[in-house]
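A.B. asks: I have a structure I would like to understand better, so I am pasting it below and will then ask my questions one at a time.
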Amino acid sequence: MPRNRTITLLSFGHACVDIYQGAVTSLVPFFVAERAYTYAAASGIVLAASLLSSVAQPLFGAFTDRWAMPWLLPVSTVLAGLGIALSGLSGSYALTLAFVAVAGVGVAAYHPESARVARIASKGSHTAMSWFSLGGNIGFALAPVMVAVVIATGGLRYSPFLVIPALAGTVLCLPALRALGRTSPGASGKAVRAGTEDRASFVKLALAVICRSIVFIGLSAFISLYVQQRTGGGTAAGTAALFVLYIGGAVGTVLGGSLATRWDRVTAARRSYLMSVAAVAGIVFVPGPAIYVFVALTSAGLYIPFSLQVTLGQDYLPTRVGTASGITLGLAVSVGGIVSPLIGWIADTTSLQTALAPLIAMPALSWFLFRMLPEPAVSKAVAPAQQTPDGSAGPNSPTPRGIAPDTPAPTGTPDITRAQGH
(Lines give C-alpha, C1' and ligand atoms only; values in the text may rest on other atoms or scores of the structure.)
Protein backbone atom coordinates (compact mmCIF):
# COMPACT_ATOMS: atom_id res chain seq x y z
CA MET A 1 0.00 0.00 0.00
CA PRO A 2 1.49 3.42 -0.95
CA ARG A 3 2.57 5.65 1.93
CA ASN A 4 0.02 8.34 1.07
CA ARG A 5 -2.86 5.86 1.18
CA THR A 6 -1.69 4.44 4.51
CA ILE A 7 -1.42 7.92 6.06
CA THR A 8 -4.84 8.79 4.66
CA LEU A 9 -6.45 5.76 6.29
CA LEU A 10 -4.70 6.47 9.58
CA SER A 11 -5.81 10.10 9.34
CA PHE A 12 -9.45 9.08 8.86
CA GLY A 13 -9.13 6.72 11.83
CA HIS A 14 -7.67 9.56 13.88
CA ALA A 15 -10.69 11.70 12.97
CA CYS A 16 -13.07 8.99 14.13
CA VAL A 17 -11.40 8.91 17.56
CA ASP A 18 -10.93 12.63 18.14
CA ILE A 19 -14.55 13.27 17.25
CA TYR A 20 -15.23 11.90 20.75
CA GLN A 21 -12.87 14.37 22.39
CA GLY A 22 -14.76 17.16 20.66
CA ALA A 23 -18.06 15.50 21.53
CA VAL A 24 -17.49 15.94 25.27
CA THR A 25 -17.37 19.73 25.09
CA SER A 26 -20.07 19.73 22.39
CA LEU A 27 -22.44 17.95 24.76
CA VAL A 28 -21.93 20.51 27.55
CA PRO A 29 -24.58 23.03 26.33
CA PHE A 30 -27.12 20.19 26.01
CA PHE A 31 -26.36 18.92 29.52
CA VAL A 32 -26.82 22.49 30.80
CA ALA A 33 -30.09 22.94 28.91
CA GLU A 34 -31.62 19.51 29.53
CA ARG A 35 -30.35 18.79 33.04
CA ALA A 36 -29.83 22.34 34.36
CA TYR A 37 -26.16 21.76 35.24
CA THR A 38 -24.17 24.71 36.59
CA TYR A 39 -20.94 25.83 34.90
CA ALA A 40 -18.97 23.92 37.55
CA ALA A 41 -21.00 20.73 37.08
CA ALA A 42 -20.68 20.94 33.30
CA SER A 43 -16.93 21.47 33.51
CA GLY A 44 -16.75 18.41 35.76
CA ILE A 45 -17.83 16.34 32.76
CA VAL A 46 -14.91 17.75 30.77
CA LEU A 47 -12.66 16.95 33.74
CA ALA A 48 -13.86 13.34 33.86
CA ALA A 49 -12.79 12.77 30.27
CA SER A 50 -9.55 14.72 30.61
CA LEU A 51 -8.30 13.47 33.97
CA LEU A 52 -8.23 9.76 33.16
CA SER A 53 -6.97 10.48 29.67
CA SER A 54 -4.16 12.66 31.03
CA VAL A 55 -3.04 10.03 33.51
CA ALA A 56 -3.48 7.03 31.23
CA GLN A 57 -1.84 8.38 28.09
CA PRO A 58 1.75 8.38 29.38
CA LEU A 59 1.14 4.87 30.78
CA PHE A 60 -0.01 3.58 27.41
CA GLY A 61 2.97 5.37 25.89
CA ALA A 62 5.33 3.52 28.21
CA PHE A 63 3.71 0.21 27.21
CA THR A 64 4.13 0.94 23.51
CA ASP A 65 7.79 1.79 24.11
CA ARG A 66 8.27 -1.82 25.18
CA TRP A 67 5.79 -3.61 22.93
CA ALA A 68 4.16 -2.61 19.69
CA MET A 69 0.40 -2.90 20.14
CA PRO A 70 -1.30 -1.97 16.86
CA TRP A 71 -4.44 -3.80 18.01
CA LEU A 72 -4.99 -0.87 20.39
CA LEU A 73 -6.13 1.30 17.49
CA PRO A 74 -9.42 -0.51 16.72
CA VAL A 75 -10.08 -1.47 20.36
CA SER A 76 -9.59 2.05 21.73
CA THR A 77 -11.71 3.54 18.93
CA VAL A 78 -14.67 1.36 19.90
CA LEU A 79 -14.15 2.13 23.61
CA ALA A 80 -14.19 5.89 23.00
CA GLY A 81 -17.36 5.62 20.94
CA LEU A 82 -19.21 3.49 23.47
CA GLY A 83 -18.41 5.86 26.32
CA ILE A 84 -19.88 8.88 24.55
CA ALA A 85 -22.81 6.90 23.16
CA LEU A 86 -23.88 5.84 26.66
CA SER A 87 -23.25 9.20 28.36
CA GLY A 88 -26.66 10.63 27.46
CA LEU A 89 -28.80 7.69 28.52
CA SER A 90 -28.78 8.16 32.29
CA GLY A 91 -29.92 11.18 34.24
CA SER A 92 -27.45 10.21 36.93
CA TYR A 93 -24.54 12.66 37.11
CA ALA A 94 -22.23 9.93 38.46
CA LEU A 95 -23.01 7.56 35.59
CA THR A 96 -22.55 10.35 33.08
CA LEU A 97 -19.11 11.03 34.53
CA ALA A 98 -18.27 7.31 34.43
CA PHE A 99 -19.24 6.89 30.77
CA VAL A 100 -17.35 10.02 29.74
CA ALA A 101 -14.33 8.73 31.67
CA VAL A 102 -14.51 5.45 29.71
CA ALA A 103 -14.38 7.48 26.51
CA GLY A 104 -11.33 9.30 27.89
CA VAL A 105 -9.54 5.99 28.47
CA GLY A 106 -10.30 4.95 24.89
CA VAL A 107 -8.82 8.20 23.58
CA ALA A 108 -5.80 7.77 25.86
CA ALA A 109 -5.11 4.26 24.60
CA TYR A 110 -5.31 5.36 20.97
CA HIS A 111 -2.89 8.25 20.70
CA PRO A 112 0.58 6.94 21.70
CA GLU A 113 0.36 3.83 19.54
CA SER A 114 -1.25 5.64 16.61
CA ALA A 115 1.51 8.28 16.66
CA ARG A 116 4.16 5.53 16.64
CA VAL A 117 2.48 3.76 13.73
CA ALA A 118 1.99 7.04 11.84
CA ARG A 119 5.67 7.92 12.27
CA ILE A 120 6.60 4.58 10.73
CA ALA A 121 4.17 5.09 7.86
CA SER A 122 5.35 8.69 7.27
CA LYS A 123 9.04 7.66 7.25
CA GLY A 124 10.12 10.89 8.90
CA SER A 125 8.10 13.37 6.82
CA HIS A 126 6.79 16.36 8.80
CA THR A 127 4.22 16.95 6.08
CA ALA A 128 2.89 13.40 6.30
CA MET A 129 2.66 13.66 10.09
CA SER A 130 0.77 16.93 9.74
CA TRP A 131 -1.79 15.14 7.54
CA PHE A 132 -2.15 12.45 10.20
CA SER A 133 -2.72 15.13 12.84
CA LEU A 134 -5.16 16.85 10.49
CA GLY A 135 -7.46 13.87 10.85
CA GLY A 136 -7.80 14.56 14.55
CA ASN A 137 -8.57 18.22 13.87
CA ILE A 138 -11.28 17.26 11.41
CA GLY A 139 -12.76 14.93 13.99
CA PHE A 140 -12.85 17.78 16.50
CA ALA A 141 -14.47 20.06 13.92
CA LEU A 142 -17.16 17.53 13.06
CA ALA A 143 -18.00 16.82 16.70
CA PRO A 144 -20.25 19.85 17.34
CA VAL A 145 -22.03 19.30 14.03
CA MET A 146 -22.61 15.61 14.74
CA VAL A 147 -23.76 16.26 18.30
CA ALA A 148 -26.03 19.12 17.24
CA VAL A 149 -27.70 17.05 14.52
CA VAL A 150 -28.20 13.98 16.70
CA ILE A 151 -29.02 15.52 20.08
CA ALA A 152 -31.05 18.45 18.74
CA THR A 153 -33.19 15.90 16.89
CA GLY A 154 -34.13 13.67 19.79
CA GLY A 155 -32.40 14.96 22.91
CA LEU A 156 -29.75 13.16 24.96
CA ARG A 157 -31.66 9.88 24.65
CA TYR A 158 -30.44 9.75 21.03
CA SER A 159 -26.80 9.59 22.14
CA PRO A 160 -26.35 5.87 21.14
CA PHE A 161 -26.29 7.03 17.51
CA LEU A 162 -22.99 8.76 18.30
CA VAL A 163 -21.22 5.37 18.22
CA ILE A 164 -21.35 5.26 14.40
CA PRO A 165 -18.00 7.08 13.78
CA ALA A 166 -16.26 4.60 16.08
CA LEU A 167 -17.47 1.68 14.00
CA ALA A 168 -16.32 3.42 10.82
CA GLY A 169 -12.92 4.23 12.31
CA THR A 170 -12.39 0.63 13.35
CA VAL A 171 -13.03 -0.58 9.81
CA LEU A 172 -10.78 2.07 8.25
CA CYS A 173 -7.70 1.40 10.38
CA LEU A 174 -7.56 -2.35 9.74
CA PRO A 175 -6.23 -2.30 6.13
CA ALA A 176 -3.58 0.28 7.10
CA LEU A 177 -2.37 -1.92 9.95
CA ARG A 178 -2.29 -4.99 7.73
CA ALA A 179 -0.25 -3.14 5.10
CA LEU A 180 2.23 -1.83 7.67
CA GLY A 181 2.57 -5.29 9.16
CA ARG A 182 3.66 -6.61 5.77
CA THR A 183 5.98 -3.78 4.71
CA SER A 184 7.30 -2.40 8.03
CA PRO A 185 8.51 -4.98 10.55
CA GLY A 186 8.73 -2.19 13.16
CA ALA A 187 4.98 -1.84 13.13
CA SER A 188 4.77 -4.98 15.23
CA GLY A 189 7.07 -6.75 17.61
CA LYS A 190 9.34 -5.34 20.29
CA ALA A 191 10.45 -1.74 20.06
CA VAL A 192 14.12 -0.87 19.62
CA ARG A 193 15.60 1.92 21.69
CA ALA A 194 18.30 4.04 20.08
CA GLY A 195 19.44 7.66 20.14
CA THR A 196 20.43 10.32 22.64
CA GLU A 197 17.79 11.86 24.89
CA ASP A 198 17.41 15.58 25.59
CA ARG A 199 15.23 15.37 28.68
CA ALA A 200 15.57 19.03 29.65
CA SER A 201 14.21 20.17 26.30
CA PHE A 202 11.43 17.60 26.47
CA VAL A 203 10.31 18.89 29.89
CA LYS A 204 10.12 22.43 28.52
CA LEU A 205 8.21 21.15 25.51
CA ALA A 206 5.80 19.26 27.76
CA LEU A 207 5.13 22.41 29.81
CA ALA A 208 4.42 24.35 26.62
CA VAL A 209 2.02 21.59 25.54
CA ILE A 210 0.22 21.81 28.90
CA CYS A 211 -0.19 25.59 28.59
CA ARG A 212 -1.55 25.14 25.09
CA SER A 213 -3.95 22.48 26.30
CA ILE A 214 -5.29 24.68 29.10
CA VAL A 215 -6.27 27.50 26.76
CA PHE A 216 -7.67 25.22 24.04
CA ILE A 217 -9.74 22.98 26.33
CA GLY A 218 -10.85 25.98 28.38
CA LEU A 219 -12.16 27.66 25.24
CA SER A 220 -13.64 24.41 23.94
CA ALA A 221 -15.66 23.91 27.13
CA PHE A 222 -17.11 27.42 27.26
CA ILE A 223 -16.81 29.11 23.86
CA SER A 224 -20.28 27.98 22.82
CA LEU A 225 -21.93 29.53 25.88
CA TYR A 226 -19.67 32.61 25.75
CA VAL A 227 -20.41 33.41 22.11
CA GLN A 228 -24.12 33.13 22.82
CA GLN A 229 -23.66 35.82 25.48
CA ARG A 230 -21.43 38.09 23.35
CA THR A 231 -23.52 37.91 20.17
CA GLY A 232 -26.98 37.51 21.64
CA GLY A 233 -27.48 34.43 19.51
CA GLY A 234 -28.90 31.07 20.44
CA THR A 235 -27.56 27.53 20.45
CA ALA A 236 -26.79 27.70 16.72
CA ALA A 237 -24.45 30.66 17.27
CA GLY A 238 -22.60 28.76 19.96
CA THR A 239 -22.33 25.60 17.86
CA ALA A 240 -20.98 27.67 14.95
CA ALA A 241 -18.26 29.12 17.21
CA LEU A 242 -17.23 25.65 18.37
CA PHE A 243 -17.11 24.48 14.75
CA VAL A 244 -14.89 27.44 13.80
CA LEU A 245 -12.61 26.69 16.76
CA TYR A 246 -12.13 23.13 15.59
CA ILE A 247 -12.01 23.63 11.80
CA GLY A 248 -9.47 26.42 12.23
CA GLY A 249 -7.28 23.82 13.89
CA ALA A 250 -7.37 21.75 10.71
CA VAL A 251 -6.05 24.72 8.73
CA GLY A 252 -3.37 25.39 11.33
CA THR A 253 -2.18 21.79 11.32
CA VAL A 254 -1.63 21.78 7.55
CA LEU A 255 0.14 25.15 7.79
CA GLY A 256 2.38 23.74 10.50
CA GLY A 257 3.98 21.18 8.20
CA SER A 258 4.60 23.80 5.49
CA LEU A 259 6.01 26.39 7.90
CA ALA A 260 8.31 23.82 9.49
CA THR A 261 9.77 23.16 6.04
CA ARG A 262 10.18 26.87 5.34
CA TRP A 263 11.65 27.81 8.75
CA ASP A 264 12.02 25.03 11.32
CA ARG A 265 9.65 23.45 13.84
CA VAL A 266 10.68 25.54 16.85
CA THR A 267 10.50 28.86 14.98
CA ALA A 268 7.12 28.02 13.45
CA ALA A 269 5.66 27.05 16.84
CA ARG A 270 7.11 30.09 18.62
CA ARG A 271 5.66 32.57 16.12
CA SER A 272 2.27 30.90 16.12
CA TYR A 273 2.02 31.07 19.92
CA LEU A 274 2.83 34.78 19.80
CA MET A 275 -0.04 35.31 17.37
CA SER A 276 -2.31 33.29 19.66
CA VAL A 277 -1.82 35.72 22.54
CA ALA A 278 -3.49 38.54 20.59
CA ALA A 279 -6.14 36.18 19.17
CA VAL A 280 -7.26 34.90 22.60
CA ALA A 281 -7.41 38.49 23.87
CA GLY A 282 -9.74 39.26 20.96
CA ILE A 283 -12.07 36.43 21.96
CA VAL A 284 -12.26 37.67 25.53
CA PHE A 285 -12.74 41.39 24.86
CA VAL A 286 -14.21 41.88 21.34
CA PRO A 287 -18.03 41.72 21.23
CA GLY A 288 -20.34 40.94 18.36
CA PRO A 289 -19.81 38.81 15.23
CA ALA A 290 -16.12 39.82 15.02
CA ILE A 291 -15.49 37.30 17.76
CA TYR A 292 -15.66 34.53 15.14
CA VAL A 293 -12.56 35.96 13.41
CA PHE A 294 -10.59 35.78 16.64
CA VAL A 295 -11.85 32.26 17.30
CA ALA A 296 -10.49 31.19 13.91
CA LEU A 297 -7.13 32.93 14.48
CA THR A 298 -6.81 31.38 17.92
CA SER A 299 -7.51 27.94 16.55
CA ALA A 300 -4.97 28.26 13.74
CA GLY A 301 -2.36 29.68 16.09
CA LEU A 302 -2.77 26.89 18.62
CA TYR A 303 -2.72 24.14 16.00
CA ILE A 304 0.25 25.19 13.86
CA PRO A 305 2.54 23.67 16.56
CA PHE A 306 0.36 20.58 17.04
CA SER A 307 2.02 17.97 14.81
CA LEU A 308 5.37 19.75 15.17
CA GLN A 309 5.30 19.17 18.92
CA VAL A 310 4.74 15.46 18.34
CA THR A 311 7.83 15.02 16.18
CA LEU A 312 9.87 17.34 18.40
CA GLY A 313 8.97 15.20 21.41
CA GLN A 314 9.92 12.04 19.53
CA ASP A 315 13.26 13.60 18.58
CA TYR A 316 13.98 14.79 22.13
CA LEU A 317 13.15 11.30 23.48
CA PRO A 318 14.11 8.93 20.63
CA THR A 319 14.34 5.99 23.04
CA ARG A 320 10.81 6.57 24.36
CA VAL A 321 8.78 7.40 21.28
CA GLY A 322 5.53 6.06 22.77
CA THR A 323 5.87 8.10 25.96
CA ALA A 324 6.79 11.21 23.97
CA SER A 325 3.80 10.69 21.68
CA GLY A 326 1.43 10.11 24.59
CA ILE A 327 2.42 13.39 26.18
CA THR A 328 2.74 15.63 23.12
CA LEU A 329 -0.14 14.23 21.07
CA GLY A 330 -2.47 12.95 23.75
CA LEU A 331 -1.99 15.39 26.62
CA ALA A 332 -2.11 18.30 24.19
CA VAL A 333 -5.86 17.77 23.90
CA SER A 334 -6.73 16.43 27.35
CA VAL A 335 -4.72 17.77 30.28
CA GLY A 336 -6.30 21.22 30.01
CA GLY A 337 -9.59 19.71 31.10
CA ILE A 338 -8.21 19.45 34.63
CA VAL A 339 -8.38 23.26 34.85
CA SER A 340 -11.91 23.45 33.45
CA PRO A 341 -13.66 23.13 36.86
CA LEU A 342 -11.67 26.12 38.10
CA ILE A 343 -12.79 28.14 35.09
CA GLY A 344 -16.37 27.02 35.73
CA TRP A 345 -16.18 28.00 39.42
CA ILE A 346 -14.84 31.47 38.57
CA ALA A 347 -17.60 31.86 35.97
CA ASP A 348 -20.27 30.90 38.52
CA THR A 349 -18.92 33.35 41.12
CA THR A 350 -18.06 36.27 38.78
CA SER A 351 -18.67 36.09 35.03
CA LEU A 352 -17.64 33.92 32.13
CA GLN A 353 -15.56 36.74 30.65
CA THR A 354 -13.60 37.08 33.89
CA ALA A 355 -13.05 33.34 33.98
CA LEU A 356 -11.70 33.23 30.41
CA ALA A 357 -9.38 36.26 30.72
CA PRO A 358 -6.47 34.35 32.38
CA LEU A 359 -6.31 32.09 29.31
CA ILE A 360 -4.58 34.93 27.46
CA ALA A 361 -1.42 34.17 29.46
CA MET A 362 -1.24 30.52 28.40
CA PRO A 363 0.04 30.93 24.81
CA ALA A 364 2.41 33.61 26.12
CA LEU A 365 3.94 31.02 28.45
CA SER A 366 4.19 28.52 25.58
CA TRP A 367 5.97 31.16 23.49
CA PHE A 368 8.42 31.82 26.32
CA LEU A 369 9.18 28.10 26.75
CA PHE A 370 9.74 27.64 23.01
CA ARG A 371 12.30 30.44 23.08
CA MET A 372 14.48 28.11 25.18
CA LEU A 373 14.08 25.08 22.92
CA PRO A 374 16.66 23.99 20.33
CA GLU A 375 15.74 22.55 16.97
CA PRO A 376 17.00 18.95 17.14
CA ALA A 377 19.90 18.17 14.84
CA VAL A 378 19.00 16.12 11.78
CA SER A 379 21.13 13.56 10.04
CA LYS A 380 22.06 13.91 6.40
CA ALA A 381 22.03 10.15 6.06
CA VAL A 382 19.88 7.52 7.67
CA ALA A 383 21.74 4.38 8.60
CA PRO A 384 20.65 1.72 8.65
CA ALA A 385 17.63 2.60 6.51
CA GLN A 386 14.62 0.38 6.48
CA GLN A 387 14.35 -1.63 3.30
CA THR A 388 11.37 -0.73 1.16
CA PRO A 389 9.06 -3.36 -0.23
CA ASP A 390 10.85 -3.30 -3.61
CA GLY A 391 14.23 -3.90 -1.99
CA SER A 392 15.65 -0.37 -2.42
CA ALA A 393 17.03 1.99 0.24
CA GLY A 394 19.67 -0.24 1.75
CA PRO A 395 21.91 0.53 4.73
CA ASN A 396 24.03 3.07 2.83
CA SER A 397 21.22 4.92 1.09
CA PRO A 398 21.60 8.67 1.72
CA THR A 399 17.87 9.31 1.43
CA PRO A 400 15.42 6.47 2.18
CA ARG A 401 12.50 6.07 -0.12
CA GLY A 402 9.41 7.89 1.11
CA ILE A 403 11.31 10.74 2.82
CA ALA A 404 11.16 13.98 0.91
CA PRO A 405 14.48 15.84 0.53
CA ASP A 406 13.12 18.78 2.54
CA THR A 407 12.12 16.60 5.50
CA PRO A 408 15.22 14.69 6.65
CA ALA A 409 14.79 12.10 9.32
CA PRO A 410 15.65 13.27 12.84
CA THR A 411 18.79 12.00 14.53
CA GLY A 412 18.18 8.91 16.57
CA THR A 413 14.75 8.12 15.16
CA PRO A 414 15.46 5.75 12.23
CA ASP A 415 15.57 2.67 14.45
CA ILE A 416 11.95 3.14 15.49
CA THR A 417 11.06 1.55 12.19
CA ARG A 418 13.03 -1.59 12.96
CA ALA A 419 12.20 -4.46 15.28
CA GLN A 420 14.44 -6.89 17.10
CA GLY A 421 14.64 -10.26 15.48
CA HIS A 422 13.86 -8.97 11.93
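A.B. asks: Restricting the search to the stretch 17-35, which residues are closer than 18 Å to F306 by Cα and open to solvent by 20 Å² or more (accessible area, probe 1.4 Å)?
C.D. replies: Across the stretch 17-35, the qualifying residue is only Q21.
A.B. asks: A further question on this structure: Taking the residues in the stretch 261-274 that are in contact with a Ser or Thr (Cβ under 9 Å, 6 or more places away or on another chain) and open to solvent by 10 Å² or more (accessible area, probe 1.4 Å) as candidates, determine which candidate is nearest to G232 (Cα to Cα).
C.D. replies: Taking the candidates together, the pick is R270.
A.B. asks: Does the stretch 305-317 include one or more residues that are in a helix (DSSP H, G or I) and without any contact (Cβ under 8 Å) to a residue 60 or more places away in the chain?
C.D. replies: No, every residue in the stretch 305-317 fails to be in a helix (DSSP H, G or I) and without any contact (Cβ under 8 Å) to a residue 60 or more places away in the chain.
A.B. asks: Part of a helix (DSSP H, G or I), under 21 Å from A281 (Cα atoms) and either at pLDDT 80 or above or open to solvent by 10 Å² or more (accessible area, probe 1.4 Å) (or both): which single residue out of I343, I327, I338 fits that description?
C.D. replies: Sole residue among the options that is part of a helix (DSSP H, G or I), under 21 Å from A281 (Cα atoms) and either at pLDDT 80 or above or open to solvent by 10 Å² or more (accessible area, probe 1.4 Å) (or both): I343.
A.B. asks: So how many residues does the stretch 281-311 have that are open to solvent by 10 Å² or more (accessible area, probe 1.4 Å) and touching a helix residue (DSSP H, G or I) at 6+ places or on another chain (Cβ under 7 Å)?
C.D. replies: Matching residues across the stretch 281-311 total 11.
A.B. asks: Looking at the stretch 95-115, is at least one residue within 30 Å of G344 (Cβ to Cβ), open to solvent by 10 Å² or more (accessible area, probe 1.4 Å) and of a type in the set (S, T, N, Q)?
C.D. replies: No, that holds for no residue.
A.B. asks: Picking from G232, G249, G256, which residue would you name as being modelled with pLDDT under 85 and touching a helix residue (DSSP H, G or I) at 6+ places or on another chain (Cβ under 6 Å)?
C.D. replies: G249
A.B. asks: So in the stretch 128-162, with the set limited to residues that are over 19 Å from T239 (Cβ atoms) and surrounded by fewer than 18 Cβ atoms within 10 Å (Cβ to Cβ), which one is modelled with the highest pLDDT?
C.D. replies: P160
A.B. asks: Related question: Condition first: hydrophobic (A, V, I, L, M, F, W, C) and either touching a strand residue (DSSP E or B) at 6+ places or on another chain (Cβ under 8 Å) or surrounded by 21 or more Cβ atoms within 10 Å (Cβ to Cβ) (or both). Now tell me which residues in the stretch 57-84 satisfy that.
C.D. replies: The answer is F60, W67, A68, L72, L73, L79, A80, I84.
A.B. asks: Can you tell me which residue within the stretch 61-111, out of those that are within 19 Å of A15 (Cα to Cα) and in contact with a His (Cβ under 9 Å, 6 or more places away or on another chain), is modelled with the highest pLDDT?
C.D. replies: Taking the candidates together, the pick is S76.
A.B. asks: Among (1) among the charged types (D, E, K, R); (2) open to solvent by 10 Å² or more (accessible area, probe 1.4 Å); (3) under 18 Å from P374 (Cα atoms), there is one condition R320 misses while meeting the rest; what is its number?
C.D. replies: Just one mismatch for R320, condition (3).
A.B. asks: Turning to a different aspect of this structure: What number of residues within the stretch 66-119 satisfy the criterion of being of a type in the set (A, V, I, L, M, F, W, C), touching a helix residue (DSSP H, G or I) at 6+ places or on another chain (Cβ under 7 Å) and not in a helix (DSSP H, G or I)?
C.D. replies: Summing the residues that are of a type in the set (A, V, I, L, M, F, W, C), touching a helix residue (DSSP H, G or I) at 6+ places or on another chain (Cβ under 7 Å) and not in a helix (DSSP H, G or I) in the stretch 66-119 gives 3.
A.B. asks: Condition check: at pLDDT 80 or above, surrounded by 22 or more Cβ atoms within 10 Å (Cβ to Cβ) and in contact with a helix residue (DSSP H, G or I) (Cβ under 6 Å, 6 or more places away or on another chain). Does A42 satisfy that?
C.D. replies: Criteria met by A42.
The values are calculated or read from the model by the stated rules, or taken from the named source; none is laboratory data. Fair warning: this is a prediction, and the values are worked out from it, not measured in the lab. As a convention, Cβ positions derive from the backbone with ideal geometry for all residues, glycine included, and neighbour counts pool all protein chains shown. Calculation scope for accessible area: heavy atoms of the full protein, side chains included, ligands and nucleic acids excluded. Shrake-Rupley method; radii C 1.70, N 1.55, O 1.52, S 1.80 Å.
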